[in-house]
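Colleague: A single structure is presented below for examination.
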Amino acid sequence: MSYTDVEYKFKKLGKDVQIGKNVYFRYPELIEIGDHVIIDDFCYFTTSLTIGSFIHIGPHCSVIGGKNGKLVMGDFSGLSAACRIICCSDDYLSDGLTNPTIPPKYHAKLKLSTVEIGKHAVIGTGAVIHPAVRIGEGAAVGSMTLVTKDLDAWGVYLGIPARKVKERNRDVILRFEVELLKEQENAKRNSEC
């Protein structure tokens, strides 16, 4: 496992986790990471995270939202390079000052939320996901897509804003998951003998 120059103390850290040297976590105590996870260099996290197992987060991704926002990534999901996940946003139409340095009594309304990325969902390069969005199991979000609403399971989405263009092959993906997990379990049993 590799870390940045700072030794982070995560809430939970699984096995076979690789974290690039230039990754920043503002609130490591709010971060849970499963098994078999790779987080590439130059990623930036300023919110609570629950990352499942068998996940890859590509380089230059950012997840913002402060202590009250949260990203949840289901097993086998992933973020391609340069994705932007926004778990908290100022409401620029409300009265008040905006940006995180403003004391609460002067601050505009905030949209705080959890963004959920379902199991087997994949997010393409440069996609942007807004607060309070749930991306269904197995959904695929194309490169440079803007997601402002929930996405159905196993759909393929493209565009600004995201629109459904077709369905993914759920049966093959789920079969491969079962095969991989059986293989992992057999390898574990064999190593214990």
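Read-outs throughout are calculated quantities, based only on the coordinates presented, and are distinct from any laboratory measurement. Only a predicted model underlies this, so the values are computations on that prediction, with no experimental measurement involved. When we count neighbours, we look across all protein chains shown, and the Cβ atoms used for this are built from the backbone with ideal geometry, even at glycine.
Colleague: Taking the Cβ-Cβ separation of PHE176 and SER143 as r and a Förster radius of 22 Å, what is the calculated FRET efficiency to the nearest 0.05?
Modeller: Efficiency for this residue pair is about 0.40.
Colleague: I would also like to ask the following. Each residue of the stretch 127-141 in order: what ³J(HN,Hα) in whole Hz does its phi give by Karplus 6.51 cos²θ - 1.76 cosθ + 1.60, θ = phi - 60°, with x for Gly and Pro?
Modeller: Values per residue, Gly and Pro as x: 5, 10, 10, 7, x, 6, 10, 10, 9, x, 3, x, 5, 10, 10 Hz.
Colleague: I would also like to ask the following. What is the local net charge at HIS130, summed over the other residues whose Cβ is closer than 10 Å to its Cβ (Lys, Arg +1; Asp, Glu -1)? Can you show the working numbers first?
Modeller: Numbers: positive: ARG84, LYS111, LYS149; negative: none.
Within the 10 Å Cβ shell, the charges total +3.
Colleague: While we're here: Which trypsin sites (Lys or Arg not before Pro) from the stretch 14-45 combine a DSSP loop assignment with at most 11 other Cβ atoms within 10 Å?
Modeller: Qualifying residues, ordered by number: LYS15, LYS21.
Colleague: Quick one: Karplus J couplings for the stretch 146-156, per residue in order, coefficients 6.51, -1.76, 1.60, θ = phi - 60°, nearest Hz, x for Gly and Pro?
Modeller: Here the 3J(HN,Hα) series is 9, 9, 10, 9, 4, 10, 5, 4, 6, x, 10 Hz.
Colleague: Cα gyration tensor of the chain, axes a ≥ b ≥ c as square roots of the eigenvalues: rounded (a/c below 1.5), prolate (a/b > b/c) or oblate?
Modeller: Verdict is oblate for the chain.
Colleague: If I fit a long axis through the Cα atoms of helix 170-192 and take the longest principal axis of the Cα atoms of the chain, what angle between them do I get, 0 to 90°, rounded to 10?
Modeller: Helix 170-192 and the main axis of the chain meet at about 60 degrees.
Colleague: Quick one: what are the phi-derived ³J(HN,Hα) couplings along the stretch 8-21, Karplus 6.51/-1.76/1.60 with θ = phi - 60°, whole Hz, x for glycine and proline?
Modeller: 7, 10, 7, 4, 8, 9, x, 9, 6, 10, 10, 10, x, 5
Colleague: Once you sort the root eigenvalues of the Cα gyration tensor of the stretch 1-76 as a ≥ b ≥ c, which label holds: rounded (a/c under 1.5), prolate (a/b larger than b/c) or oblate (the other case)?
Modeller: rounded
Colleague: Please give the FRET efficiency for TYR8 paired with ASP152, using the beta carbon to beta carbon distance and R0 = 41 Å, rounded to the nearest 0.05.
Modeller: 0.70
Colleague: Right, another one. Sum -39500 (n - 2.57) across every DSSP H segment of at least 4 residues in the chain, then divide by the residue count to get the 222 nm mean residue ellipticity, nearest 500.
Modeller: The helix contribution divided over the chain gives -4000 deg cm²/dmol.
Colleague: What does DSSP give for the chain in terms of the percent of beta bridges that are antiparallel, rounded to the nearest 5? Intermediate values should be presented prior to the final figure.
Modeller: Values: 7 of 51 bridges.
That works out to approximately 15 percent antiparallel.
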